[in-house]
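Note sheet for the following structure.
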Amino acid sequence: MPSELFPLDAPQTPGARETLGVQAVVLRGRAAHHAPDLIAAIAEIDARAPFRHMATPSGKQMSVAMTNCGARGWTTDRRGYRYDPTDPLTGRTWPAMPDLFQTLAREAAVGAGFPDFQPDACLINRYIPGARMALHQDKDEIDFTQPIVSVSLGLPAIFLWGGQARADRPRRVPLLHGDVVVWGGADRLVFHGVHALGEGEHPLTGAVRYNLTFRRAL
Ligand code: MD3
Ligand code: FE
């Protein structure tokens, strides 16, 4: 059955591996047992490097609030997109990547066939109902042989999985609390986005979805 026919809150089988593309796999529920620790760590990062609504080069404020941890952080402003070792808001380095984040990302990558992944950047996205992310490619990194690992926490979202061309009609894939996705190889540059978040309350996050994306920036 195509995934777009599943209701958003359909029970996904924890431990299931769902193949999105030749080198893109959803590991259902893989991070769920770490969720309280991950959410506590996000709060600590927010205290040192607050979530903010960055501006795109065209000057529009993003509806998703963002911060980072790790040696590099992804930022955007009128000057463009880049990875920066310092937080432009505070002038200080980004908070260190917690060991739990690093271990979780590396183990997921190994399990998906990427044994050499060493993330140096973790972008943290915060969605509230109505927030969305337009179709885009992640191409500000240097080495596209390195995968990206994502961890979803809190409210569910409809992830839009496009193709190699912007015009390819995206497939809708629900991403739920605790899901981990690894994207690499041939699927590393696919267009993707996130549908406007629906209303809801999650017991651990309230009316919020967090998404961690682990990257090798340099
Ligand atoms: C597919 N974040 O931060 S994570 C992003 O849920 C981003 O917040 C979304 O897209 C979110 O750039 C989606 C899943 C994801 C991340 C990177 C990818 C999917 C990807 C890179 C290539 C292909
Ligand atoms: Fe992306």
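The values are calculated or read from the model by the stated rules, or taken from the named source; none is laboratory data. Quick caveat, the model's predicted, so the values are computed rather than measured. Note that we place each Cβ from the backbone using ideal geometry, even for glycine, and neighbour counts take in every protein chain shown. Side chains are part of the model used for accessible areas, which takes the heavy atoms of the whole protein and leaves out ligands, DNA and RNA. Shrake-Rupley method; radii C 1.70, N 1.55, O 1.52, S 1.80 Å.
For the range 104-218, carbon and sulfur atoms together expose 53% of the accessible surface, with a 1.4 angstrom probe and every protein chain in place. The distance separating the Cα centre of the range 42-56 from that of the range 164-218 comes to 19 Å.
Along the chain, the exposed loop sites are GluC sites (Glu not before Pro) outside DSSP states H, G, I, E and B with at most 11 other Cβ atoms within 10 Å, and the longest stretch free of them is 1-198. The packing ranking of peptides 32-40, 209-217, 122-130, 85-93, highest mean first, is 209-217, 122-130, 32-40, 85-93, where packing means the average number of other beta carbon atoms within 10 angstrom of each residue. Put simply, the range 67-128 fits an ellipsoid with semi-axes of 24, 12, 11 Å; these come from the alpha carbon gyration tensor as the roots of five times its eigenvalues, largest first.
Across q = 0.14, 0.15, 0.16, 0.18 Å⁻¹, the range 15-215 modelled as identical point scatterers on its alpha-carbon atoms has Debye log10 I(q)/I(0) values of -0.78, -0.91, -1.06, -1.43, in the order of the q list. Dividing the mean sequence gap of close Cα pairs (under 8 Å, 6+ apart) by how many residues the range 60-155 holds gives a relative contact order of 35 percent. The protection proxy used here, the mean number of other Cβ atoms lying within 10 Å of each residue, ranks peptides 174-186, 147-159 as follows, highest first: 147-159, 174-186.
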